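Heads up, the thing below is written out as structure tokens.
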Amino acid sequence: MRQMTLEQQQIYSAISDAPDKPDLAQNLFRIGRMFEFAFSTFLVMPSKTDLNVSSLIIETNAPAGFYEDLDAISPPKDCYVYDTARCTVLPLVWSAEQTERQFQLINSTPPPSLKHYVGHGATRGIVIPLSSLDGSRHIIRFDGERSPLEQVEINDITMLALHFFQSYDRNRYPLTDNPCGLTERELEIVRWTAHGKTSAEIGVIMSLSDHTVNAYMNNAVKKLDCVNRTQLVAKALRMRVIS
């Protein structure tokens, strides 16, 4: 299994330790820079009836007025990227070149929003759809001018975005009246186990030894009356104490 880079490990830890939303936002922007994107945006998923995107933005480091200007030339209901994102949970990779080619094939003019992105140095990007604990949908998108994303980069940036969003959601919905009795540290380890991480990988992410990770895991197994990690993850998901 491919190991995370040192910078990715540092971002994972920084997101876990971020005390509030401004600190989380800085880590989101850091993710974008690490993958050579010009700007990063976190927003509520636009619906088919929304008339603008700017009011849906939660965090962004896009140029000032970028989304307000975009609203003036192209409402989100006309954006095929958002139409596609509403129907999937998979990351969407886009490029100006590919988009122009697709519209040429149907003898149509590319949308004005594409020219807007290109004019601000964004010829390529990735859009990651997300689902919140309350069922609401969100998006994290990274846009800029760089070489095509390789599959391993898509996997890495998606996992980092999911980790950011999980921390954001936990800040909105802090654990109260925890029905399972697990500590926050135990829950964090169970979450990473659910994402397929080994004890060694979790130890790197959380700056713990393998022995400590296993000790937390064994405590969680006993508290939820399980026989192994697989049953623990399945039960935690059923109880909705992790997602």
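In what sequence, largest accessible area first, do 230, 88 appear using a 1.4 Å probe? Show your work: numbers first, answer last.
On the way: 230 110, 88 30 Å².
The ordering from most to least exposed comes out as 230, 88.
Determine the dipole magnitude for the range 1-135: charges of +1 sit on the beta-carbon of Lys and Arg, -1 on that of Asp and Glu, nothing else is charged, the reference point is the Cα centre, and the result goes in debye to the nearest 20.
Computed charge dipole of the range 1-135: roughly 360 debye.
For the range 1-52, which whole-number percentage of the solvent-accessible area (1.4 Å probe, protein heavy atoms only) is attributable to carbon and sulfur atoms?
52 percent
Counting helices only, and only those DSSP H runs with n ≥ 4, report the 222 nm mean residue ellipticity of the chain as the sum of -39,500 (n - 2.57) divided by its residues, in deg cm²/dmol to the nearest 500.
When only DSSP H runs of four or more count, the value is -15500 deg cm²/dmol.
Sort 33, 101, 185, 124 from largest to smallest accessible area, using a 1.4 Å probe on the heavy atoms of the protein chains.
33, 101, 185, 124
At 1.4 Å probe size, with every protein chain present, just tell me what the per residue accessible area of the range 1-88 comes to in Å².
Per-residue value: 50 Å².
Might you work out the accessible area of residue 195 for me, using a 1.4 Å probe with all protein chains in place, and round it to the nearest 10 Å²?
Approximately 80 Å² for this residue.
Just to be sure I understand the model, the point goes 7 Å from the Cα along the line to the Cβ. What's the resulting residue 155 to residue 184 distance in nm?
Placing both labels 7 Å beyond Cα along the Cβ direction yields 3.1 nm.
In a Gaussian network model over the chain where Cα atoms closer than 10 Å are linked, find which of 148, 91, 46 has the largest mean-square fluctuation.
Among 148, 91, 46, the largest GNM mean-square fluctuation belongs to 148.
Order 51, 43, most accessible first, counting only protein heavy atoms with a 1.4 angstrom probe.
I get 51, 43, largest accessible area first.
Would you work out which of 214, 190, 203 lies farthest towards the positive end of the dipole of the range 188-233? Charges go on Cβ: Lys and Arg +1, Asp and Glu -1.
190
Considering amide H positions built from the backbone, and no H for Pro or chain starts, which residues 5 or more places from residue 58, or on another chain, come under 5 Å of its amide H?
For residue 58, the qualifying residues are 42, 43, 44.
Rounding to the nearest 20 debye, state how big the charge dipole of the chain is about its Cα centre with +1 on each Lys and Arg Cβ and -1 on each Asp and Glu Cβ. Don't skip to the end; give the middle numbers.
Details: 24 positive and 28 negative charges, 153 e Å.
Computed charge dipole of the chain: roughly 740 debye.
Counting other Cβ atoms within 10 Å, keep those with at most 13, restrict to DSSP loop, and tell me which GluC sites (Glu not before Pro) in the range 65-173 are left.
Answer by residue number: 150.
The values are calculated or read from the model by the stated rules, or taken from the named source; none is laboratory data. What you see is a predicted model, and the numbers here were worked out from it, not measured in a lab. Note that each Cβ is placed from the backbone with ideal geometry, even for glycine, and that neighbours are counted across all protein chains shown. Side chains included, ligands, DNA and RNA excluded: accessible areas come from the protein's heavy atoms. Shrake-Rupley method; radii C 1.70, N 1.55, O 1.52, S 1.80 Å.
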